[in-house]
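Participant: Pasting in a structure now, in structure tokens, and then I'll have a few things to ask.
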Amino acid sequence: MSSKDEIKAILQACAKNDRKAQEKLFKLFYGKMLYVCLRYTNDRDTAQEIVQEGFIKVFEKISSFDLLGSFDAWIKRVMVNTSIDYLRKNKKHAFTELNDNHSDTFNDEISVMADEIQYEMQREMALESIQELSPAYRTVFNLYFVEDYSHKEIAERLGISEGTSKSNLAKAKIRLKQIVARKIGKETE
């Protein structure tokens, strides 16, 4: 990627609606932002659509970005919020999943699921596993473990209760354990 000064110059040009600078910024960050959006959907086409929508927001709001802050963090936040907005708009009631055929029993192994995914699987396998989760489980899992939101923040952002956020996270962990076990050839109980 370009140096900080180059990115700063690109950002300043983008704030003036310079199309070449916008194209350059898009090319610099597209792959990384696609990966961010893929964490919230199991469909590459949908993730690409979200990235496009996110970049429109980036270009509309880029003049409000404080050049002293981290642009990586700012653009990532825009993409996460765009992903959540997309899911909320297109998947009504997706965040209220409470009943499924998975056990509600929690054990110590499940509490370290994020670490197991991070250290035992390659990046692509982890992404594929997360993508197999339902939209509600996937979104809460990403917001909690990847974006470091609290259950209160997740509940406020998604318009659900803290209890639903906690329940969806617990069920996401259980489901991920099953998916990972299947992918690495182990049987789950």
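The values are calculated or read from the model by the stated rules, or taken from the named source; none is laboratory data. Since the model is a prediction, treat every value here as computed from it, not as a measurement. Positions of Cβ are generated from backbone atoms using ideal geometry, with glycine treated the same way; all protein chains shown enter the neighbour counts.
Participant: Quick one: would you say TYR30 is modelled with pLDDT under 90 and part of a helix (DSSP H, G or I)?
Facilitator: For TYR30, the condition - modelled with pLDDT under 90 and part of a helix (DSSP H, G or I) - is not met.
Participant: With respect to ILE84, is the statement that it is at pLDDT below 85 and within 20 Å of ASP148 (Cα to Cα) true?
Facilitator: Working: at pLDDT below 85: no; within 20 Å of ASP148 (Cα to Cα): yes.
Judged against the criteria, ILE84 is not a match.
Participant: Right, something else. Of all residues in the range 43-64, which are touching a residue at least 24 places away in the same chain (Cβ under 8 Å), surrounded by fewer than 17 Cβ atoms within 10 Å (Cβ to Cβ) and not acidic (Asp, Glu)?
Facilitator: The answer is LYS57, SER63.
Participant: Okay, next question. Considering only the range 65-84, how many residues are assigned to a helix (DSSP H, G or I) and surrounded by 15 or more Cβ atoms within 10 Å (Cβ to Cβ)?
Facilitator: 10
Participant: Further question: Just name the residue that is modelled with the highest pLDDT out of those in the range 142-159 that are part of a loop (DSSP other than H, G, I, E, B) and within 21 Å of LEU127 (Cα to Cα).
Facilitator: TYR149
Participant: I would also like to ask the following. On the basis of being of a type outside the set (A, V, I, L, M) and without any contact (Cβ under 8 Å) to a residue 40 or more places away in the chain, does TYR137 make the cut?
Facilitator: no
Participant: State whether one or more residues within the range 52-61 are under 13 Å from the mean Cα position of the chain (by Cα) and closer than 23 Å to TYR144 by Cβ.
Facilitator: yes
Participant: Another question, if that's okay. Take the range 1-27 and flag every residue that is buried (at least 16 other Cβ atoms within 10 Å of the Cβ) and either farther than 23 Å from ASP85 by Cβ or touching a residue at least 40 places away in the same chain (Cβ under 8 Å) (or both).
Facilitator: Residues of the range 1-27 buried (at least 16 other Cβ atoms within 10 Å of the Cβ): 7, 10-11, 13-15, 21-22, 24-26.
Matches in the range 1-27: ILE7, ILE10, LEU11, ALA13, CYS14, ALA15, ALA21, LYS24.
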